[in-house]
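Structure first, then comments.
The values are calculated or read from the model by the stated rules, or taken from the named source; none is laboratory data. Just so you know, these numbers come straight off a predicted model, no measurement behind them. Cβ sites come from the backbone with ideal geometry, for glycine too, and all protein chains shown count toward neighbours.
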Amino acid sequence: MLRRLLIAAGALVVVIVAGFAAVIAFGSPPAPPVLAAGNSIPGIAQWNFADLPKMQTLKARDGAPLNYRVYSSRPDRAIVLVHGSSGTDTSMLKLAQALQAVGATVYAISLRGHGGSGTTNGDVSYLGQLDDDLADLVEGLGIDRPGAHRTLMGFSSGGGFTLRIAGGRQAGLFNDYLAISPYIGQDAPTNKPNAGGWAGVAVARIMALTLLASVGLPWFQDLPAVHFATDAKPSNTRTPVYSYRLATSLQLGREWRAALARITAPTAIVVGANDELFNADQFKPMLQTINPRIGVTTVPDETHLGMIADPAATAAIAVAWRQLAGE
C-alpha cells in the first residue's frame, strides 16, 4: 500500500513538474493586432529628424553601451528623459525640445534593450539592471555634481520606471520625478485590459518565472514575456518583444501600492484625458488613497501618444516640470 502511494505521489510530482516546464517553454506571449494608439505617434511623418542631436554613448559598469542625446540649455537643470515601451530616445524629440525651450538640459536616453543600448534587443542581463544603468548614467553624464537639480521623467512604461525609481533604493539619484501617462500595474484601476490592447502578455509563463525567482532560481528569464501590438521588427529603432527580466525591471511590480506609498520626493503625474491605454480618470482617486503627495494633472482631449507629440500636451508637461523644479 505504502509503495503504491509513493509511486502515485512520485507520478504526480512528475506531472506537475512537466506541466510547469511546459508552461515556461511554450507559454510565449501572444502577438496582438497592430494598435495605432500605441504604435503610431501623431504627426511623426512631419517631424524634422535633422533636429535630433548627435547620438552619444557611455559605458555601463558591464562595459555595454548606453546611448543618449543631449538637448542643451541650463547646465544646473538636468532632466533624464525615458521613452515608452518598444521605443527609443528618438520618439521623445518633441517633448525634449519643449523642455529645452523652458530651460532644461535634457538627456533623452535609450534604455538597455532599446535603441542600440545594451547587448540584446528586448533583454537585460539580470533583474534590476536598468536601475544600475541609471546610476551609471547619472555619474557618467556628470549631473551628480553639487548644485545640479536632477529630474527623472518618463513616458508610459518609462513613466512606470520613473515611479519605480522614486519608490525604490535609487530614489536619492534625483531631486524630483515626473511620470507621463505611466503604466502602474496589471491590476491597477488605471490599467485597461492588456493596456488597451497594446500588450500581449504571457501570463502563465510570467507566473512560473516569478515563482522560480521567489525561491532564488533566476532561470529562463531571457524568455519573451510581453509582445507589443506592433508589426515592427527588432532593430535599433524598435523593440517589439520584452523578455521577462526586461519587463520586470521596468515595472513597479506586484507590490505597486507599497512602492507608490514609499515615494517622498516631489513627484507628479501628467496624463491625457483621452488616453486609449489607461483610465485617465482613475489616477487622481487612486493616488489620493495611496499617496496624496503625488499630484496628478489631466490634459484635456489628449491621447496616449499625443502626450509626447502634441504642442498643448508637451507645454503642459513643461509647466508641470517647472513647478516641480521650483522655476
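Could you tell me which numbered condition L178 fails, if it satisfies all but one of (1) touching a strand residue (DSSP E or B) at 6+ places or on another chain (Cβ under 7 Å); (2) closer than 24 Å to S243 by Cα; (3) touching a residue at least 60 places away in the same chain (Cβ under 8 Å)?
(2)
Test T162 against the criterion of being within 17 Å of the chain's Cα centre (by Cα) and part of a loop (DSSP other than H, G, I, E, B), and give yes or no.
no
If I go through the range 288-304 residue by residue, how many of them are out of contact with any helix residue (DSSP H, G or I) (no Cβ under 7 Å at 6 or more places or on another chain) and touching a residue at least 24 places away in the same chain (Cβ under 8 Å)?
4
Do you know which residues across the range 166-198 are crowded, with 24+ Cβ neighbours inside 10 Å and assigned to a helix (DSSP H, G or I)?
Listed by number, the residues that qualify are A166, A195.
Table: residues versus (1) more than 25 Å from I24 (Cβ to Cβ); (2) in contact with a helix residue (DSSP H, G or I) (Cβ under 9 Å, 6 or more places away or on another chain); (3) in contact (Cβ under 8 Å) with a residue 24 or more places away in the chain.
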| residue | (1), (2), (3) |
| --- | --- |
| L127 | no, yes, yes |
| T190 | yes, yes, yes |
| G200 | no, yes, yes |
| H227 | no, no, yes |
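Kindly indicate whether any position in the range 67-78 is farther than 27 Å from N274 by Cα, touching a helix residue (DSSP H, G or I) at 6+ places or on another chain (Cβ under 7 Å), touching a residue at least 60 places away in the same chain (Cβ under 8 Å) and outside any loop (DSSP other than H, G, I, E, B).
Yes, the conditions are met somewhere in the range 67-78.
Looking at the structure I just gave you, is L141 more than 30 Å from Q282 (Cα to Cα) and at pLDDT 95 or above?
Yes.
Specify the residue that is farthest from T248 (Cα to Cα); the eligible residues are those in the range 138-159 that are in contact with a Leu (Cβ under 6 Å, 6 or more places away or on another chain) and part of a helix (DSSP H, G or I).
Within the range 138-159, the match that is farthest from T248 (Cα to Cα) is G140.
Pairs, please: C-beta under 8 Å, at least 6 apart or cross-chain, first residue closer than 23 Å to T303 by Cβ and part of a loop (DSSP other than H, G, I, E, B) and in the range 43-60, second of a type outside the set (K, R) and at pLDDT 95 or above?
Partner pairs satisfying both residue conditions: G43/A309; G43/D310; W47/L93.
Please specify each residue of the range 209-250 satisfying the condition of being under 18 Å from R169 (Cβ atoms) and buried (at least 20 other Cβ atoms within 10 Å of the Cβ).
Residues satisfying the conditions are R245, T248, S249, L250.
Go through (1) crowded, with 16+ Cβ neighbours inside 10 Å; (2) touching an Asp or Glu at 6+ places or on another chain (Cβ under 7 Å) and name the single condition R205 misses.
It is condition (2) that R205 fails.
Would you confirm whether or not the range 311-319 contains a residue that is touching a helix residue (DSSP H, G or I) at 6+ places or on another chain (Cβ under 7 Å), farther than 18 Å from G43 by Cα and not aromatic (F, W, Y)?
Scanning the range 311-319, I find at least one residue that is touching a helix residue (DSSP H, G or I) at 6+ places or on another chain (Cβ under 7 Å), farther than 18 Å from G43 by Cα and not aromatic (F, W, Y), so the answer is yes.
Does R61 satisfy the condition of being buried (at least 21 other Cβ atoms within 10 Å of the Cβ), at pLDDT 95 or above and farther than 23 Å from A195 by Cβ?
no
Scan the range 205-217 and report the pairs whose first residue is small (G, A, S) and whose second residue is part of a helix (DSSP H, G or I), with Cβ atoms within less than 8 Å and a gap of 6+ or a chain change.
Final answer for the pair search is A208/F20; A208/V23; A208/I24.
Pairs please, first residue from the range 129-144 and free of Cβ contacts under 8 Å to residues at least 24 places away in the same chain, second anywhere and part of a loop (DSSP other than H, G, I, E, B), Cβ atoms under 9 Å, 6+ apart in sequence or on different chains.
G142/A148
Let me spell it out: the conditions are (1) of a type in the set (A, V, I, L, M); (2) under 20 Å from L95 (Cα atoms); (3) over 19 Å from the mean Cα position of the chain (by Cα); (4) buried (at least 18 other Cβ atoms within 10 Å of the Cβ), and M286 meets all of them except one. Which number is the exception?
(2)
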